[in-house]
Amino acid sequence: MKRVITYGTFDVLHYGHINLLKRAKALGDYLIVACSSDEFNKMKHKESFYTFEQRKMILESVRYVDLVIPESSWEQKREDVIKYNADIFVMGSDWTGKFDFLSDLCEVVYLPRTPDISSTKVKNMLNTK
Ligand code: C2G
């Protein structure tokens, strides 16, 4: 049982997120998603449209996702990889290199980001409709 873990806000879930989750799950058998809390979002200077509970519920409905846990700090990743026995840590390529420090614990994989889509873009486009 290969266990994969990934992190993010996943606001206004879109096909770029789904592409990431689908490919992350394909690397193993069980996918854990650490969803950024509303407080941690503020630390990332992000204001999400949906609350943590709403984003968690949406993520839990995605067929590729097996478990959703809260992400409340930058520092929790090492502890999470150990606690959840993660074999592979996955992020989109906009994070390339940023989490290589985990490579003594697990495989670190950066997947190509899906072009031309982001939660911000969707929100902006909806605002202009
Ligand atoms: N992503 C992607 N393609 C996009 C948009 C996002 O592959 N067009 C990926 C990102 O690279 C990330 C994941 O989807 O791996 C979630 O993206 P965000 O919700 O924007 O998360 P982010 O703010 O990058 O938070 O500790 C890590 C942070 O919590 C990551």
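The values are calculated or read from the model by the stated rules, or taken from the named source; none is laboratory data. What you are looking at is a predicted structure, and each value in this text was computed from that prediction instead of being measured. Every residue, glycine as well, gets a Cβ built from its backbone with ideal geometry; the counts of neighbours run over all protein chains shown. Side chains are part of the model used for accessible areas, which takes the heavy atoms of the whole protein and leaves out ligands, DNA and RNA. Shrake-Rupley method; radii C 1.70, N 1.55, O 1.52, S 1.80 Å.
Which ones in the stretch 3-26 are more than 10 Å from the ligand (Cβ to nearest atom) and surrounded by fewer than 18 Cβ atoms within 10 Å (Cβ to Cβ)? Scanning the stretch 3-26 gives LYS22, ALA26. Tell me which of these ILE88 doesn't satisfy, since it passes every other one: (1) touching a Gly at 6+ places or on another chain (Cβ under 8 Å); (2) under 12 Å from TYR7 (Cβ atoms); (3) among the β-branched types (Val, Ile, Thr). So the condition that ILE88 fails would be (2). The residues in the stretch 40-84 that are touching a strand residue (DSSP E or B) at 6+ places or on another chain (Cβ under 8 Å), of a type in the set (A, V, I, L, M) and assigned to a loop (DSSP other than H, G, I, E, B) can be counted, and the count is 1. Across the stretch 113-129, the qualifying residues are those that are more than 10 Å from the ligand (Cβ to nearest atom) and part of a loop (DSSP other than H, G, I, E, B), and the one among them that is most open to solvent (accessible area, probe 1.4 Å) is LYS129. Give me the residue from the stretch 73-112 that is among the aromatic types (Phe, Trp, Tyr) and near the ligand (Cβ under 10 Å from one of its atoms) and, out of that set, surrounded by the fewest Cβ atoms within 10 Å (Cβ to Cβ). Looking at residues that are among the aromatic types (Phe, Trp, Tyr) and near the ligand (Cβ under 10 Å from one of its atoms), I get TRP74.
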